[in-house]
Every structure is written in C-alpha cells, then in structure tokens.
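Heads up, the thing below is written out as structure tokens.
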Amino acid sequence: MKKVGIIGAGKIGGSLLLRLAESGGFDLGVSDIHPEQLRPYKQAGVRTTSSNQELAETSDLIIAAVKPWDVPGVMEEISPSFRDDNKAVTSVAAGVSIARISESLPQGTAILRVMPNVCASVGLGSAVVTSNEAGRAALPTVMDIFRHVGEVLELPERLFDAATALHGSGPAYVALFADALIQAGVREGIPRDVARRLVVGTIGGTAVLLKERSAHQVRDEVMTPGGTTAAAFVAMEKAGFVAAVYDGVEAATEQARGLGG
Ligand SMILES: NC(=O)c1ccc[n+]([C@@H]2O[C@H](COP(=O)([O-])OP(=O)(O)OC[C@H]3O[C@@H](n4cnc5c(N)ncnc54)[C@H](OP(=O)(O)O)[C@@H]3O)[C@@H](O)[C@H]2O)c1
C-alpha cells in the first residue's frame, strides 16, 4: 500500500485526507504546525505528527498543501528524506514552479504539481497535474489520488497560472455570481431563503446541463427572441459582465505568476 504523507491539514489537505481515508486504499499520514488541526484525522485512522521531516521519512509520496510562501521552507525541511530515489513530492501551491521547488531538493527528485480546487471537499473537485521528467512515473498514482476528490486532467506547467486563475479560484467567482443573483432576487421582492434555494438549484442544474451540451446551446435554449433572457443579456453585457470575467481571470493569472518569488 502506498504511503502518502500530506503536509498541511487545511482546506485542500484536509479534504483530500478525509476522502482518501474513507477509500481505505492508502497508508496515510499528515503533519501540520497546529496540533489541534490534526485531531479529526487521527480519529479517522491517519498517522499524525507535527514534524514534516518525520512524515517525509515515513512516506513514499509527500503532498505539500501549505500556502505558496511556506513551500520553500517545507521543501528545505524535508530535503534530507529524498536520498531515496523512489520518493516523490507533489505541491498543490499556486504559482510555485517545479524549478523553484527543485532548488530546495536534491537533483533528480521526482516533483509534481497539482492545481486542485475547493470543490474537492465535496468530491466534485477539478484538478490539473504536471511533473518533471523524474516525476512521470508517479503521475498515475497522483492522478489516482486526486480522482478520489474529483476530475483530474494533465496540463503543461506553462498553463498552470492560467488554470489556477480559472478553476483554482473558480468556485469563488461562482459564489460571487450566486450572491449577486440572490441579492437581485431579494431586490425584486423574493424572500431571501426562497431566492437562495432557487439560485443554488439553478447553478447545480446548469452545471449538469453543461456536462451534456455547450454553453451556447444552453443559452439558446433559454433565450426566446425578444424575451426576458435576451433583455437581461443586453443589460448585463452593456454593464461589462463578460469583460469583467476576462479581466478577473487575467488579474488572477498575473497574481499567480508573482507568487513563486
Ligand atoms: N483553498 C483553495 O481553494 C485552493 C485551491 C487551489 C489550490 N490551493 C493551494 O493549496 C495550498 C493550501 O491552501 P489551503 O487553502 O488548503 O491552506 P490552509 O487552509 O491555510 O492550510 C494550510 C495548513 O498548513 C499549515 N502550515 C503552514 N506552514 C506549515 C508548515 N511549515 N508545516 C506544516 N503545516 C504548515 C497552515 O497553518 P497556518 O494557518 O498557521 O499557516 C494550515 O493549517 C495553497 O498553496 C494554495 O495555493 C488552494
């Protein structure tokens, strides 16, 4: 059984741990600088430690799920464990390149990057994965791990900052849109709890439709010529809705590029 160690029991690391523990297919360990963060995972049968180095020594695959600025320090800490050729390390951090990670690890270390999103916490995540040459052998294992929390695709590393902006931050954009839509319903007089249920149902249902057909098809099915949806589209486009989405994703991509240091 693969020994998987996750550094950082936060939103991403924690979601992954709980799903992997449920599957029963992995020997799991976790470390975090906050011992209280580790308690729920210990109860789920996961090995816990406050030492990243100890976790790395006892794992075949390390997944670093700490904030981007904490990645170099964590890599320095676990570097001595990578004397063993069979170990691999995966980072889920935004903006920290494989080249930057490799500066802190012995030459030839298998390094992978994954960009997940927070939908992993409900098993409906989207993730992209890439690796250096030495990490290619570990790709199937890492893809299998992230398939436990959603869909996984391979993507060249040069597109990782854009993917971070698109689907890594994506749930927050959808939540922003949902909030605006709920507020708009309330403004028109719909009770807040009813507006919320209608909007959440609409977003969930549309997500299913979009798996079956293109966004344009869904739009055309709803939009009667001269009807209500057409009127809304004209108003939203005039207010710069589409341009705001382009600008937001561009700003997030630029921000991701700056995180690597
Ligand atoms: N959240 C998202 O939606 C999302 C989406 C895609 C990718 N990511 C990436 O995933 C990574 C983790 O994000 P997150 O939102 O899961 O972060 P998080 O919730 O803050 O979890 C990170 C955990 O690691 C702990 N930690 C910090 N330094 C550590 C160290 N040296 N050793 C062990 N544990 C340490 C943190 O403690 P402190 O709180 O004290 O720092 C925290 O408990 C980030 O790099 C982010 O770019 C996140």
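Throughout, read-outs are computed from the coordinates displayed, never taken from laboratory work. This is a predicted model, so every value here is computed, not measured. No Cβ is skipped: glycine too gets one built from the backbone with ideal geometry, and neighbour counts run over all protein chains shown.
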Work through the residues other than residue 33 whose Cβ is under 12 Å from its Cβ and net out their charges, Lys, Arg +1 and Asp, Glu -1.
-> -3
Among 185, 150, 226, which one moves the most in a GNM of the chain with springs linking Cα atoms closer than 10 Å?
-> 226
Pairs of Cα atoms under 8 Å, at least six residues apart: use those to get the relative contact order of the stretch 106-218, whole percent.
-> 21
Nearest 5 is fine: what % of DSSP beta bridges in the chain come out antiparallel, could you say?
-> 15
Other residues with Cβ under 14 Å from the Cβ of residue 157 give, with Lys and Arg +1 and Asp and Glu -1, a net charge of +2
Given +1 on the Cβ of Lys and Arg, -1 on the Cβ of Asp and Glu, and no further charges, what dipole in debye does the chain carry about its Cα centre, rounded to the nearest 20?
-> 540
Using the membrane-span-like helix rule (whole DSSP H runs, Cα extent along the own axis of at least 15 Å, mean Kyte-Doolittle hydropathy at least 1.0), which helices of the chain qualify?
-> none
In deg cm²/dmol, rounded to 500, what helix-only [θ] at 222 nm does the chain give when every DSSP H run of at least 4 residues adds -39500 (n - 2.57) and the total is split over its residues?
-> -15000 deg cm²/dmol
Local electrostatic count, residue 89, Cβ distance below 11 Å [Lys/Arg +1, Asp/Glu -1] | +1
Cα-centre dipole for the stretch 170-259 with unit charges at Cβ (Lys and Arg positive, Asp and Glu negative), debye to 20 | 220
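Share of antiparallel DSSP beta bridges in the stretch 11-158, in percent to the nearest 5? Don't skip to the end; give the middle numbers.
Working: 4 of 20 bridges.
Of those bridges, close to 20 percent are antiparallel.
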Sparsely packed GluC sites (Glu not before Pro) within the stretch 129-195, loop by DSSP, other Cβ within 10 Å at most 14 | 188
